[in-house]
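Notes to accompany the following structure.
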Amino acid sequence: MRVLTYAILGFLSRKEMTGYDITTEFKDREIGEFWVAKHSQIYPELKKLTDEELIEYKIEIQGSKLEKKVYSITEKGKKVLEEWLVKNEEELVTPKDEFVLKAYFISSISKEEARVQFENRLKMHMIKLEFLEGKYEELIKIENVTNYESDEFSHYLVLTRAREREKAYVKWLEDSIKLMV
Ligand code: FER
């Protein structure tokens, strides 16, 4: 199973959706902030999942002649999703970060040039952190968001992790820049 499978099953376990709805989630909503999936991957995946009977669809008529497929998860699909959610991860995979690779070889350029690289990177991470802080401030306005039962609890988990990661990244860049004066 590809990871996209689980993202689609996850969405459909919440509610019925069309292919367009799912594409919009990846394009415009929070999942797109941390998981990339292209339009061209989603439709074939929906077909595959339908063939495997993990999801099913009903045709709805929209307007005068437009038909749309509204997908929902099947019992078999729910089982596959749950198995994935309770499965223990086998190994820790460090996400690839090209800047870390650059940092590893940075001493091939001068300290001044290296500092410019780190300062540019710092600006980018500060912008990202500011964006996340804004999202976080909004999210914590929701009552009981830290309760497991809240609809936004899982959003809270992923957003707080992103915020902590960016805070750590900013600190690492600042500490490194101090060593390049
Ligand atoms: C969100 C905005 C940004 C969000 C996550 C992110 C889950 C970013 C995540 C990341 O960079 O890992 O609303 O909600």
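The values are calculated or read from the model by the stated rules, or taken from the named source; none is laboratory data. Everything numeric here is computed off the predicted structure, so don't read it as measured data. As a convention, Cβ positions derive from the backbone with ideal geometry for all residues, glycine included, and neighbour counts pool all protein chains shown. Each accessible area value is taken on the protein alone, full model and side chains, heavy atoms only, with ligands, DNA and RNA left out. Shrake-Rupley method; radii C 1.70, N 1.55, O 1.52, S 1.80 Å.
Taking the longest Cα principal axis of the chain as reference, the axis of helix 111-139 is set at about 40 degrees. The GluC sites (Glu not before Pro) found in region 143-181 that occupy coil by DSSP, while having at most 12 further C-beta atoms within 10 Å, are Glu143, Glu149. Of Gln117, Gln62, Gln41, which has the largest mean-square fluctuation in a 10 Å C-alpha GNM of the chain? Between Gln117, Gln62, Gln41, it is Gln62 that shows the largest mean-square fluctuation.
Which residues in region 14-35 place their backbone N less than 12 Å from a point set 7 Å from the Cα of Val158 along the Cα-to-Cβ direction? Zone members listed by number: 25-35. Based on the Kirkwood radius over alpha-carbon pairs, what value in µm²/s does the Stokes-Einstein equation return for the translational diffusion coefficient of the chain at 10 °C and 1.306 mPa s? Rounded, D is 81 µm²/s. Net charge in the neighbourhood of Glu75 (other residues with Cβ under 11 Å of its Cβ; Lys, Arg +1, Asp, Glu -1) is 0. Using the Cβ of Asp151 as centre and a radius below 12 Å, the other residues enclosed give a net charge of -1, where K and R count +1 and D and E count -1.
Where the accessible area of region 85-174 is counted over protein heavy atoms with a 1.4 Å probe, how much of it, in %, is carbon and sulfur?
55
The slack between Thr50 and Trp84, meaning 0.36 nm per residue of separation minus the straight C-alpha distance, is 10.4 nm.
Once the chain from Val116 to Ala168 is taken as fully extended at 0.36 nm per residue, the excess over their C-alpha distance is 16.8 nm. Residues considered: Asn88, Asn120, Asn144. Largest GNM mean-square fluctuation over the chain, using C-alpha springs under 10 Å, is found at Asn88. Among Ser13, Ser64, Ser150, the largest mean-square fluctuation in a Gaussian network model of the chain (Cα springs under 10 Å) belongs to Ser64.
Loop-located trypsin sites (Lys or Arg not before Pro) in region 27-128 (DSSP state not H, G, I, E or B) with no more than 13 neighbouring Cβ atoms inside 10 Å: Arg29, Lys38, Lys65, Lys87, Lys96. Taking θ as phi - 60° and the Karplus parameters 6.51, -1.76 and 1.60, the scalar couplings of region 89-98 work out to 5, 7, 8, 8, 10, 6, x, 6, 9, 4 Hz in sequence order, x denoting glycine and proline.
Filter the chymotrypsin sites (Phe, Trp or Tyr not before Pro) in region 51-151 to those in DSSP coil with at most 15 other Cβ atoms within 10 Å of their Cβ, and list the result. Numbers along the way, then the final one.
Working: sites: Tyr57, Tyr71, Trp84, Phe99, Tyr104, Phe105, Phe118, Phe131, Tyr136, Tyr148; in loops: Phe105, Tyr148.
Sparse-neighbourhood loop chymotrypsin sites (Phe, Trp or Tyr not before Pro): Phe105, Tyr148.
Against the chain, whose longest principal axis comes from its Cα atoms, helix 75-86 is set at around 20 degrees.
Output the relative contact order of the chain, whole-number percent, from Cα pairs under 8 angstrom with separation of 6+ residues.
On the way: 140 pairs, mean separation 31.9, N = 181.
Worked out over the chain, it gives 18 percent.
Roll a 1.4 Å probe over the protein chains and send me the accessible area per residue for the chain in Å². Walk me through the numbers before you get to the answer.
On the way: 13200 Å² over 181 residues.
About 73 Å² of surface per residue is accessible.
Rounded to the nearest 10 degrees, the angle from helix 39-51 to the longest Cα principal axis of the chain is 40 degrees.
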